[in-house]
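The values are calculated or read from the model by the stated rules, or taken from the named source; none is laboratory data. None of the values given here were measured: they were computed from a predicted structure. Because the Cβ atoms are built from the backbone with ideal geometry, glycine has one as well, and the counts that use them run over all protein chains shown.
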Amino acid sequence: IITLSAALLDATKTYTLEFRQEKNIAYQWGVTDLIIEEVTDPGDPPADTVVTLTVDDVSGPDTTEYGNNYGADTEAGDGIARFDFDAGAGTQDIILTATGFDIDSSFNSGMEVQVFLNDTALQIGGSDVFLDTTANGAEGPEGGNYFVLDDALLSAGTNTLSFRQLGNVDTFQWGVTDVMLTTPVDLLLSDLPTTDNTDTTEYGSHDGSSGVFGSVSNAHGYQSFEFVSTGNDMTLDVDGFDVDATGEIDIILNGDDSFGTLGAGTDNDLRADYTIPLLAASLNAVGETNIITFRQDPTFTDDWGVTNLVLEDVV
């Protein structure tokens, strides 16, 4: 295929096109099936459709598959999956969870798909944020990527979120799905027995058949809570429901997913003696907020829950 650029042609002139054998003109040679066509410049590929996410969407995560050679191939060849969302007044932290697809550990030390908030690289603890690596051609754990969007990074009203593939955007297979935004529940300080701010709401996922834990629907497998540092060591007492094994329910503190885990409880019943120490050294400065999250490991699919949360100072 020979391209005759419009920049080289003049519409008012007639041109001659020749094919010339340069050497050994006695050699047998020829051309045939010549077609000259006018090509309309398609221009740049269209920008991706910006998908609008709803914070605390009761229907659960957006399970559409975004990326390249994944699902509907919705990204427009530029290696970016784009979203926007309304953060309201922009004064509350928001939790972002997502599932990665074919995020290669062999590329750029696993830093293949980077997360951007309002067109700025998202950083947590001073480090850029990337989707976790996965097996080749496979999804990672459902909702396995967990990030806190600090309210200091949010604008009132519309904010943008994007996942950007840093390799060859034309050929690399990659994707993201199960994108979800949620807000944490406020935990108030108790000083028992004088001040009792126990949160008795039942959080988690259960059909209510046990008779000791109600019917609750949690489509994203985790529940986050927010509380303010006092400068003292603190404790959080919590009842766990149907915790089948140690490691089923992870505890994440301020984005640290290695903070801890709930021990095995009672099948289809409550265990009421969990006490989580929150040392001042592991919390944010006095007056600043902290986020603690209970997240069911994606390899577990059974019911789970937490309730009767009591936050206290250690004095």
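Of the conditions (1) surrounded by fewer than 21 Cβ atoms within 10 Å (Cβ to Cβ); (2) touching a residue at least 60 places away in the same chain (Cβ under 8 Å); (3) not basic (K, R), F241 fails just one. Which one is it?
(1)
Does N254 satisfy the criteria of being within 21 Å of D56 (Cβ to Cβ), touching a helix residue (DSSP H, G or I) at 6+ places or on another chain (Cβ under 9 Å), modelled with pLDDT under 95 and of a type in the set (S, T, N, Q)?
Here the answer is yes, as N254 does meet what is asked.
Kindly check whether there is at least one residue in segment 302-312 that is assigned to a strand (DSSP E or B), under 19 Å from T97 (Cα atoms) and charged (D, E, K, R).
For segment 302-312, residues assigned to a strand (DSSP E or B), under 19 Å from T97 (Cα atoms) and charged (D, E, K, R): absent.
Looking at segment 249-259, is at least one residue surrounded by 16 or more Cβ atoms within 10 Å (Cβ to Cβ) and more than 30 Å from D128 (Cβ to Cβ)?
No, because not a single residue in segment 249-259 is surrounded by 16 or more Cβ atoms within 10 Å (Cβ to Cβ) and more than 30 Å from D128 (Cβ to Cβ).
Can you tell me which of (1) closer than 29 Å to L279 by Cα; (2) touching a Phe, Trp or Tyr at 6+ places or on another chain (Cβ under 6 Å) is the one L188 doesn't meet?
(2)
Please return the ranges of strands (runs of 3 or more DSSP E) entirely within segment 222-293 where 1 or more residues are over 25 Å from D93 (Cα atoms) and within 27 Å of the chain's Cα centre (by Cα).
Details: elements: 222-228, 234-241, 249-253, 256-261, 270-278.
Hits in segment 222-293: 234-241.
Which one of D84, D104, D93, D78 is in contact with a helix residue (DSSP H, G or I) (Cβ under 6 Å, 6 or more places away or on another chain), of a type in the set (D, E) and touching a residue at least 24 places away in the same chain (Cβ under 8 Å)? First the steps, then the outcome.
Values: D84 fails: in contact with a helix residue (DSSP H, G or I) (Cβ under 6 Å, 6 or more places away or on another chain); D104 fails: in contact with a helix residue (DSSP H, G or I) (Cβ under 6 Å, 6 or more places away or on another chain); D78 fails: in contact with a helix residue (DSSP H, G or I) (Cβ under 6 Å, 6 or more places away or on another chain).
When all the criteria are applied, what remains is D93.
Report yes if some residue within segment 199-214 is within 26 Å of G126 (Cβ to Cβ) and crowded, with 19+ Cβ neighbours inside 10 Å; otherwise report no.
No, segment 199-214 has no match at all.
Could you tell me how many of the residues in segment 131-158 are outside any strand (DSSP E or B) and crowded, with 20+ Cβ neighbours inside 10 Å?
We begin by selecting, within segment 131-158, every residue outside any strand (DSSP E or B); these are 131-138, 140-144, 150-157.
Now restrict to residues that are crowded, with 20+ Cβ neighbours inside 10 Å: 131, 134, 140, 143-144, 154.
So the answer is 6.
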